[in-house]
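Provided herewith is a single structure, encoded as structure tokens, for subsequent inquiry.
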Amino acid sequence: MRLHPTIHPICGRAMARNAILAAAALAACELAAAQSSATLFGVVDAAFQHGTGSIAGRTQLGNSGLALSRIGFRGKEDLGAGLWASFWLEAGIQNDTGQGVATNGNNQPGGAGPAGLNGGQGLTFNRRSTVSIGGPWGELRLGRDFTPQYYNLTYDVTAAIGLGTPVNVTNIITGVTFQRASNAVSYFSPKVAGFFGQAQVYFGENSSNSAGKDDGKGAGIRIGYAAGPLEVAAATSRTQYLAGDSRQSNIGGSYDFGALKLFANYSHDRGLVRSGPATLAAKANGWAVSASAPFGSNELRATFSEYRIVPVDGAIENPRARKLAATWVHEFTKPTAIYATVAHVTNSGGSATALLGAATGANQSSTGYEAGIRHSF
């Protein structure tokens, strides 16, 4: 939905005075509207969900099984000479309860605002809140946004959304900046001969005399290549914390054969994990392989993933989770689709990963089922 600026009073007086002037004023106002406009967009996605585990199961109405529920506003203005300016405000929505999704103000574990029921904070622009200026040289973007290191984890048929999300995303140990960062300055390069890049720095904004003055401060870089059916990219990042830095490095890609599209990614992470009463430094390796096969207005998706955590402080167990998921999608129209997903997780090494709010014991399995409706606008 496009929202045009209100006609200026001067334009209105000119149109009333003279038919010729009115035509000219109307043309000028329409040109201004075309050069600078705002768009309302969003997704509403709800699903019936059931999870099972060795300890407890759960049945619920959830959201965001196929696409993340959201509402947003974006706009762009032509500045001339090849330059442009834009804004983007996007808020996550838990439409099964009507709540917003929590955000984080300083890229630190304690940086989330006051939480309401189920962790909601009301409506916050947690997904993206940026202003940009760009041109032939690329784009400079300021505000809360995805981190470069996260994009490679979306080289998966689920795009890291819903029940089928790989375990190297759901179990990741790199903390709150693995996906998004607040107080960020990002640069996106133009594509040159198929190559593209992104660099980002973000700030924890702590007092200079505090012990953890650099907590939440970090940087990431991503370089990729996309041409024809092939896309591949690699990224690395570091976020600083007094208790121990988080590091995230990964590579991923996709290839579209037409009748079949393949995705794969591999990640190597370093962060902190809980082991009993202690907090330990740990490293982890994960991977995901997936495929999608469209046929008519339907699509079949499958993904298989693994994430293995290795504490480096002498802990005995090395938790590992493996997940297999399959999804069917039927599009009535481009905006509206129904879907169903089934997933199964197996645990070893002390892992107790469970699905859709279920609880399972260490080294036990968990199964999840999800069926829902997605509508975008």
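The values are calculated or read from the model by the stated rules, or taken from the named source; none is laboratory data. Bear in mind that the values here come from a model prediction, so they are computed numbers and not experimental data. Methodologically, a virtual Cβ is constructed for each residue, glycine included, from the backbone with ideal geometry; neighbour enumeration extends over all protein chains shown.
Does ILE223 satisfy the condition of being in contact (Cβ under 8 Å) with a residue 60 or more places away in the chain and either touching a helix residue (DSSP H, G or I) at 6+ places or on another chain (Cβ under 7 Å) or more than 18 Å from ALA291 (Cα to Cα) (or both)?
no
Same structure again: What tally of residues in the range 202-227 results from selecting those that are aliphatic (A, V, I, L, M) and either loosely packed, with under 15 Cβ neighbours inside 10 Å or in contact with a Cys (Cβ under 8 Å, 6 or more places away or on another chain) (or both)?
Qualifying residue count for the region: 2.
Identify, please: which residue in the range 355-368 is buried (at least 17 other Cβ atoms within 10 Å of the Cβ) and under 21 Å from the mean Cα position of the chain (by Cα) and is, among those, nearest to VAL169 (Cα to Cα)?
LEU355
What strands (runs of 3 or more DSSP E), lying completely within the range 41-135, carry at least 2 residues that are more than 26 Å from LYS191 (Cβ to Cβ)?
The qualifying strands (runs of 3 or more DSSP E) are 58-63, 70-80, 83-94.
Another question, if that's okay. Name the residue that is nearest to GLN364 (Cα to Cα), counting only residues in the range 306-337 that are acidic (Asp, Glu) and surrounded by fewer than 16 Cβ atoms within 10 Å (Cβ to Cβ).
Looking at residues that are acidic (Asp, Glu) and surrounded by fewer than 16 Cβ atoms within 10 Å (Cβ to Cβ), I get GLU317.
Another question about this same structure. Between residues in the range 274-295 that are closer than 20 Å to ARG322 by Cβ and residues that are of a type in the set (Phe, Trp, Tyr), which pairs lie under 6 Å by C-beta distance while being six or more apart or on different chains?
As it stands, the answer is GLY286/TYR307; TRP287/TYR266; VAL289/PHE304; SER290/PHE263, since those pairs meet every condition given.
Looking for whichever is touching a residue at least 60 places away in the same chain (Cβ under 8 Å), surrounded by 19 or more Cβ atoms within 10 Å (Cβ to Cβ) and touching a strand residue (DSSP E or B) at 6+ places or on another chain (Cβ under 9 Å) here; the options are ALA233, ALA264. Which one fits?
That would be ALA233, the only listed residue that is touching a residue at least 60 places away in the same chain (Cβ under 8 Å), surrounded by 19 or more Cβ atoms within 10 Å (Cβ to Cβ) and touching a strand residue (DSSP E or B) at 6+ places or on another chain (Cβ under 9 Å).
Checking the conditions here, which among ALA352, ALA371, ALA340 is among the aliphatic types (A, V, I, L, M), surrounded by 15 or more Cβ atoms within 10 Å (Cβ to Cβ) and over 22 Å from the mean Cα position of the chain (by Cα)?
Step by step, each of ALA352, ALA371, ALA340 is checked, and only ALA352 is among the aliphatic types (A, V, I, L, M), surrounded by 15 or more Cβ atoms within 10 Å (Cβ to Cβ) and over 22 Å from the mean Cα position of the chain (by Cα).
Is it the case that the range 151-164 has a residue that's charged (D, E, K, R), within 30 Å of TRP328 (Cα to Cα) and surrounded by fewer than 21 Cβ atoms within 10 Å (Cβ to Cβ)?
no
Next question. Step by step: first the residues of the range 235-282, then only those that are among the charged types (D, E, K, R) and modelled with pLDDT of 95 or more, then the one that is farthest from VAL169 (Cα to Cα). Which residue is that?
Out of the qualifying residues, it is ASP256.
For the range 150-192: of the residues being among the aliphatic types (A, V, I, L, M) and outside any loop (DSSP other than H, G, I, E, B), which is farthest from LYS283 (Cα to Cα)?
That would be VAL192.
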